[in-house]
Amino acid sequence: MSTATRTKTRWGTAIIAASAAFLAACSSDEAAAPAAPVTTSAAPAPSVSAAPSATGGTPDLGAPETVATGLEAPWGLAFLPDGSALVAERDSGEVLQVKDGRKKKVFEVPGVSAAGEGGLLGLAVAADYARTEWVYAYYTAEDDNRIVRFKLGGGRPEVIFDGIGKAGIHNGGRIAFGPDKMLYVGTGDAGDGTASQDADDTNGKILRLTPDGKPAPGNPEAGSPVYSLGHRNVQGLAWAEDGTMYGIEFGQNRFDEVNKIEPGRNYGWPEVEGKGKGKNSKYVEPIVTWTTDEASPSGAAIAGDTLYVAALRGQRLWTVPLDGGEPKAELSERYGRLRTVAVAPDGALWLTTSNTDGRGDVQDGDDKILRFPARR
């Protein structure tokens, strides 16, 4: 196996190039899914008037609405204060706004290098958006993965954090503002598991930054952006009402993980995959695991006391009761690969498909965004 050329940056290591042989020899988190039945009927038209939804209610997974169709490899999803959604297209670098059943391009991030699993990935809207109008994006550039912020009205994006190693696989990419109004970032190991255990490398970590991209005050090590380490490829971040943080990540060939994220803790990769880390181990035990065929999870969201996890290879939506109940698979093979799940301001659950990303069976109308109104 040939190796990638790596260049040290201030916080970590950027992968400059990796050969095709390296990618072919390494396992991909998003291996081709089992063939799904292709729909022959016409895709439902996007809903213009959404069904009422009760904030704080339970999403009704039996009442899907299609709010957008014809998307190309959608990845990031975030909501503006007016309830409209921003969605990132991985390969085009475009940010689209979905509102009232219609979509329009509102921004294009320059310099996106879309190859393999890289491209325009996570989106987040500033906690103080009403005042600052900042939108944040994580994307793969020519030499690294980086985070920028921009305003939808135009202007060149401001790079607030860079030097996260890139590769054809394991780029991480999920970003979200936590209850403390700090920016949390899920990164991947970029194909080099040793980076996950290196506290001076930003790969294979969850980072915690200020809105300006600086290491957040109160991090486990002062002056470091690292919040937790020992991760393989984090693509899901979510918080419960009590402030408990959850991280979702891809396993290699055996087990995907749902972890309770605590500052400064080590989640074991590449030394351990899945459960069995031991009560006395320095590694944190996951609260849920699935085989990679059942999940290969990406996005995550919490509504009430339930964690929702979108599965790519597993082609289903996992519901995980946070009170300790058994996880349940929903929507199995109905919509193909599922990338991102998010809770809208009105309590509805939004879900994106990922069938046009080169690894799925394209169905009529793909890719889509589905909406499930919340009921009390």
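The values are calculated or read from the model by the stated rules, or taken from the named source; none is laboratory data. These numbers come from a predicted model, not from an experiment. Counting neighbours? That spans all protein chains shown, and the Cβs are built from the backbone with ideal geometry, glycine included. We work out accessible area using only protein heavy atoms, side chains counted, and drop any ligands, DNA or RNA first. Shrake-Rupley method; radii C 1.70, N 1.55, O 1.52, S 1.80 Å.
Annotations
- Amide H to amide H distances under 5 Å link residue 108 with 95, where only residues 5 or more positions off or on other chains count and H is placed in the peptide plane.
- Scaled to the globular estimate 2.2 N^0.38 Å, the Cα spread of the range 85-213, given as radius of gyration, is 1.03.
- The range 222-304: radius of gyration over Cα atoms, expressed as a fraction of 2.2 N^0.38 Å: 1.06
- Per residue convex hull volume, Cα atoms of the range 179-269, in Å³: 86 Å³
- Across 334, 102, 313, the residue with the most accessible area heads the list, and the full order at a 1.4 Å probe is 102, 334, 313.
- Spread of Cα-to-Cα distances over 5 Å intervals beginning at zero, given as percent, for the range 243-376: 2, 11, 19, 21, 19, 14, 8, 4, 1, 0, 0
- Theoretical gain in end-to-end length, residue 51 to residue 133 [0.36 nm per residue, Cα-Cα removed]: 26.7 nm
- Pairwise label distance in nanometres, residue 181 with residue 293, each label 7 Å out on the Cα-Cβ vector: 4.9 nm
- Average projected area [Cα convex hull, the range 68-139], square nanometres: 4.7 nm²
- Over all Cα atoms in the range 267-315, the spread is summed up by Rg and Dmax: 12.8, 35 Å.
- Convex hull volume of the Cα atoms of the range 163-319, normalised per residue: 108 Å³.
- Rolling a 1.4 Å probe over the protein heavy atoms gives the chain an accessible area of 39 Å² per residue.
- Net length gained if the chain between residue 108 and residue 214 were fully extended (0.36 nm per residue, minus Cα distance): 35.7 nm
- Taken along its principal axes, the alpha carbon cloud of the range 157-207 reaches lengths of 31, 24, 17 Å, longest axis first.
- Neighbourhood charge, 9 Å Cβ-Cβ cut-off, centred on residue 257 and excluding it, Lys, Arg +1 and Asp, Glu -1: -1
- Solvent exposure, largest accessible area first (probe 1.4 Å, DNA, RNA and ligands not counted), of 182, 245: 182, 245
- GluC sites (Glu not before Pro) restricted to DSSP loop in the range 121-192 with at most 11 other C-beta within 10 Å: 142
- For residue 197 and residue 82, the difference between the fully extended length at 0.36 nm per residue and the C-alpha to C-alpha distance is 37.3 nm.
- Zero-based 10 Å bins, Cα pair distances in the chain, whole percents: 5, 26, 37, 25, 6, 0
- Per-residue ³J(HN,Hα) for the range 297-303, Karplus 6.51 cos²θ - 1.76 cosθ + 1.60, θ = phi - 60°, Hz, x for Gly and Pro: x, 10, x, 8, 8, 10, 10
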